[in-house]
Amino acid sequence: MKTQEISAEKLHAIIEEKDRRITELENQIAWLMSQMRLAKHKQFGSSSEQTGSEQLSIFNEAEAATDLSIPEPVITEVKAHYRKRTRLTTDKLPEDLPVEIIEHELPESKCVCPDCGDQLHTMGREIREELKVIPARAVIVRHVRHVYACRNCENTSDHVPVLKADMPEPVIKGGFASPETIAHIATRKFMMATPLYRQEQEWKQNGIRLSRQTMSNWLIKASENWLEPIYTQMKRRLCEHEVLHADETVLQVLKEPGKAAQSKSYMWLYRTSGEAKHQIVLYDYQPDRRHIHPEKFLKDFKGYLHVDGYSGYHKLPGSIIVVGCLAHLRRKFFDALKTLPKDKQRNSNAAKGVAYCDKLFRLEKQFALLTPDNRFKERERLSEPTINEFYNWIEGLAALPNTLLGKAVHYAQSQRKYLERYLLDGRLEISNNRAERSIKPFVIGRKNWIFANTPNGARASAIYYSLIESAKENGLNPFEYLSWIFTNAPNLGKPGYASKIEDFLPGSAALPQKVFTPKAKETKPEKYAWEED
C-alpha cells in the first residue's frame, strides 16, 4: 500500500512537471509566433504606423465632444453642378526660370488662304511649355594676375617698386579646385547620397579624370581650413538655446586606431527645437556610445533635451532636463499590435495602448498654433488627465515580461518621469521626431557609401552634414551656400568679402540673396510617421 502511495505521489509530481513544461513551451511558441509575425510585417508589410479609425473609437470621443446647447445647422438644398476633372499634382516650376521662346510659323509661301488666295494673318497662338534641362558643364577659370613696375625707376634707380593686382585666395592652396567644384562634390555626397566612386565615374563620362582620393582630400582640407570655425560658432549658438533635441546612429570607420574595422562608431546629432527662430543642426562623430560624449558636447547647455529611451542620456548633469519621446512608446505598442492575428487586434490591450498615444498626439495637433503659455494650459487641462488615465490602465495589466506587450508596458513604466516632462513647458514637444527626421539624411547616405575610411573623414562628414542640413532648415540652397563660404572664407576681412565668422551662419543678415532657395517651403502642421501623406 505504501509503495502504491509513493507511486501515486511520483505520478502526481510527473504530471505537474509535464504541465509546467507544456505551459513553458506554449509560451515559447506564442513568443516565437509573435516574433515571426512582426518580422514578416517589417519585411513585407507597410512601413506606415497608421492605425485604423476603429481603434480610435475606444474613447467614444464623438460623444464626449458633443454640445447639446449648439443648435442644429440649417439644411439647405444645393443645386447639383459638374466640375471638370483636373489632374491632381504638386509639381510647380519656379516663376523666375529663364524662358526660351521658339516661334513656329508657316513659311511665307504657305500663308495664303486656300479658298480665296488672299494673305493670311495671325489670329491667335497656341502655347505649350516644356521643362528643358541643360547638363552641367565644366570650364577652366584661369586667373591672370598683372604685375606692375615703373619704367623710369628701371632706368634711373637701383630700386624698382613692384605692384601686384588683387587676386582672391584659392580655397585650397596649390590645388585646382574652385569653390563651386568642392561645393558640388559635397552636395552630391552629403545631400544626394552619391558616393565619391560614383562621382568619379560621372566626371570620367565628361572627359575629366578626377580620382576619388583627390575629391576626398579636397573635402577634408576645405572642412579643416574653412568649415570647422563655422561649426564651432554654430555649436556655441546651439548651446545658448533652452530646448534641444538629440539622437544617435551607428557608423563604421575602417581605420580607427585601437578598433577593429567591423566595430561600431557613432554619429550623434544635436539640434534646435521648433521654438528657435533660426534652426541649427549639428552632427558629432564619436568612437562609441558612452554618455560622456553628449555630456562634453553640451557642457555649456542648460535646459530641456528631447531624447529617446537610451539610458546614457539619463546620466547627464542635472542642469540638463531629459524629456522622453512618446513616439517611441507608441511604436512599442504598435509592434505588439502587429504580432497579433488580425481578428484579435481590434479589442486587444496593444490596440488600446496605441489609441491612448494617438489621443495625446491628436491633442498636440490641436495645440500646434497656440502660444507656448496657452499650450501649457491646454496640456494641463486635457493631456495630463489622459496620461494619468493611461498609467492607471497600465497598472491593471498583467502582461508577461517577455512579450512585446510586456516590454511596451515596462518601457512606459520605467520611462514615465521622462515621458511626462513635455507637460512642464509649452515650448516642449511630445516626441523626438524632429531629431529623427534630421538624422535620416545621414542614414540614407550611409546606405550608399556604407562606411568612413578614417576618423578625419568621419569628422569632415559630420561638419558637412551639419552645414547642409542647417542650410536646408533655414531655406538656403546648400550648393550656393557652400560655394559662397568657400569663396569668402579664404578672403575673410578683405573688401568685398565677409568680415567675420558670424556672417557665415545660417540666418545671418550678411548672406546674399543668391544663397536662398527661390521660395521657402510652406509651414505645415507636423505630420507624424504613421499618418498618411
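Can you quote the Å³ per residue value for the convex hull of the Cα atoms in the chain, rounded to an integer?
368
Counting pairs of alpha carbon atoms under 8 Å apart in space and at least six apart in sequence, what relative contact order in percent does segment 415-507 give?
Once divided by the residue count of segment 415-507, the mean separation gives 15 percent.
Considering only Cα-Cα distances, which of the following residue pairs are longer than 27 Å: K255/K440; K332/K365; K315/K338; K221/K264; K344/K377; K255/K315?
Those over the limit are K315/K338; K344/K377; K255/K315.
Among rounded, prolate and oblate, which fits segment 280-374 when a ≥ b ≥ c are the square roots of the eigenvalues of its C-alpha gyration tensor, a/c under 1.5 means rounded, and a/b larger than b/c means prolate?
In terms of gyration-tensor shape, oblate.
Between 0 and 90 degrees, rounded to the nearest ten: what's the tilt of helix 228-238 against the longest Cα principal axis of the chain?
Its long axis makes an angle of about 50 degrees.
Along the charge dipole of segment 369-502, which of Y391, A412, F451 sits closest to the positive end, that is, farthest toward it, with unit charges on the beta carbon of Lys, Arg, Asp and Glu (+1, +1, -1, -1)?
Toward the positive end, the furthest listed residue is F451.
What does the charge count near W203 come to, summing +1 for each Lys or Arg and -1 for each Asp or Glu among other residues with Cβ under 15 Å from its Cβ?
Residues close to W203 contribute a combined charge of +4.
Where the centroid of each part is defined by its Cα atoms, how far is segment 475-489 from segment 87-131 in Å?
40
Taking a ≥ b ≥ c as the square roots of the Cα gyration tensor eigenvalues, with a/c under 1.5 meaning rounded and otherwise prolate when a/b beats b/c, else oblate, which class fits segment 99-210?
Oblate is the answer for segment 99-210, as a/c is 1.5 or above yet b/c matches or exceeds a/b.
Relative contact order, percent, of the chain when contacts are C-alpha pairs under 8 Å separated by at least 6 residues?
Contact order relative to length: 20 percent.
Convex hull over the Cα atoms of segment 328-428, averaged projected area in nm²?
Spelled out: convex hull of the Cα atoms, projected over all directions, averaged, 6.5 nm².
Using θ = phi - 60° and the Karplus form 6.51 cos²θ - 1.76 cosθ + 1.60, what ³J(HN,Hα) does each residue of segment 265-274 get, whole Hz, x for Gly and Pro?
Using θ = phi - 60°, the values come out as 10, 9, 10, 8, 10, 9, 8, 6, 9, x Hz.
Quick one: compute the contact order of segment 292-424, relative version, from alpha carbon pairs under 8 angstrom and 6+ residues apart, as a percent.
29
If we sort 194-202, 17-25, 477-485, 450-458 on the protection proxy, mean other Cβ atoms within 10 Å, highest first, what's the order?
477-485, 450-458, 194-202, 17-25
Which net charge results for the neighbourhood of I101, defined as the other residues with beta-carbon distances under 14 angstrom from its beta-carbon, given Lys and Arg at +1 and Asp and Glu at -1?
Charge balance near I101 sits at -3.
Read the figures in this text as sums done on the coordinates, not as results from a lab. In this text the structure is predicted, and so the values were computed from the model without any measurement. Backbone-built Cβ (ideal geometry, glycine too); neighbour counts: all protein chains shown.
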